[in-house]
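First up is the structure itself, then whatever we jot down about it.
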Amino acid sequence: MTAMEASNALAALAGNETAKRALQVAAAGGHTIMLIGNGVATELRALAIEKLGMDPEKVIAWPPCPCGNFGHKHLACRCTYAKIRAHVAKAPAAEMAVETFEPSMEEYRRVGALRHVDQDAVELLDMARQQRYLSVTKMVSIARTIAKLDGAETVRVEHMSEAIQGGLTLAIYMQGAATATA
Ligand SMILES: [Zn+2]
């Protein structure tokens, strides 16, 4: 795969230009790379395996701290300093590491992820994701299904609202499950 093809293969993922570039390098040289971050790191890892044909063992998605929120723009990290140090010390060996970031809505729009989603629905989703971790791509995908069931061509605010309700319920449930096993 040429560098241009590799770059196109990752173009569907919004923002994260530095991480995409690092993945191209890792893929070209067969290097082990650690993607630091939460949901975005997981999405990038899946894309790198699927589109760049990377070895799953050589692409590691690693949360920045045990709760996953350290360094997040909106969400508060609940970890103690000692816990974060222990977490960093446990990080798997890798040749390269790069931070990943939750893309802005503008970056999502630029890659076409918000096509046929009206402005009210985009604003609702942007607000909701600042309260809790919600994957923008997953929420948009579910909202599209709801709109389609409704016979609507455009995702409107009521479709997005229904998708977010389901997303929030899942997030609360998962958080409860994580706390129970911690
Ligand atoms: Zn934390």
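When the convex hull of the C-alpha atoms of region 105-181 is computed, what volume per residue in Å³ does it have?
Working: hull volume 6.5 nm³, N = 77.
Convex hull volume per residue, Cα atoms: 84 Å³.
Note down the net charge around TYR133, summing +1 for each Lys or Arg and -1 for each Asp or Glu among other residues with Cβ under 12 Å from its Cβ.
+3
Out of all Cα-Cα pairs in the chain, roughly what percent, to the nearest whole number, are more than 26 Å apart?
38
Using only the Cα atoms, work out Rg/Rh for region 3-84, with Rh taken as the Kirkwood radius, to two decimals. Don't jump to the answer; show the numbers that get you there.
Numbers: Rg = 13.8 Å, Rh = 13.4 Å.
Using Cα coordinates only, the ratio equals 1.03.
As I understand it, the dipole of the chain uses +1 on the Cβ of Lys and Arg and -1 on the Cβ of Asp and Glu, about the Cα centre. Which of HIS87, ALA41, HIS159 lies farthest toward its positive end?
Farthest towards the positive end: HIS87.
In deg cm²/dmol, rounded to 500, what helix-only [θ] at 222 nm does the chain give when every DSSP H run of at least 4 residues adds -39500 (n - 2.57) and the total is split over its residues?
Calculated from helices alone, the mean residue ellipticity at 222 nm is -17000 deg cm²/dmol.
What is the list of residues in region 80-119 whose amide nitrogen lies under 19 Å from a point 7 angstrom out from the Cα of LYS138, following Cα to Cβ?
Only 100-105, 108, 113-114 pass the distance filter.
Taking the Cβ of LEU35 as the centre, find all other residues whose Cβ is under 12 Å away and add up their charges (Lys, Arg: +1; Asp, Glu: -1). All intermediate terms of the calculation are to be shown ahead of the outcome.
Numbers: positive: LYS20, ARG45, LYS58; negative: GLU43, GLU99.
Local charge sum for LEU35: +1.
With +1 on each Lys and Arg Cβ and -1 on each Asp and Glu Cβ, how big is the dipole of region 47-156 about its Cα centre, in debye rounded to the nearest 20?
Its charge dipole is roughly 380 debye.
So for PHE101, PHE70, fewest C-beta neighbours within 10 Å to most, what's the order?
Lowest count first: PHE101, PHE70.
Quote the FRET efficiency, to the nearest 0.05, computed for ALA89 versus ILE49 with a Förster distance R0 of 35 Å and r equal to the Cβ-Cβ distance.
On the way: r = 27 Å, r/R0 = 0.76.
My answer for the efficiency is 0.85.
Contact order normalised by length for the chain, with contacts defined as Cα pairs under 8 Å and 6 or more residues apart; what percent is it?
Computed over the chain, the figure is 20 percent.
Place a point 7 Å from Cα of ILE172 in the direction of its Cβ. Which residues in region 131-159 have their backbone N less than 16 Å from it?
131-134
Throughout, read-outs are computed from the coordinates displayed, never taken from laboratory work. Just so we're clear, the structure is a prediction, and the values are computed from it rather than from any experiment. Here Cβ is always computed from backbone atoms with ideal geometry, including for glycine, and neighbour counts include all displayed protein chains.
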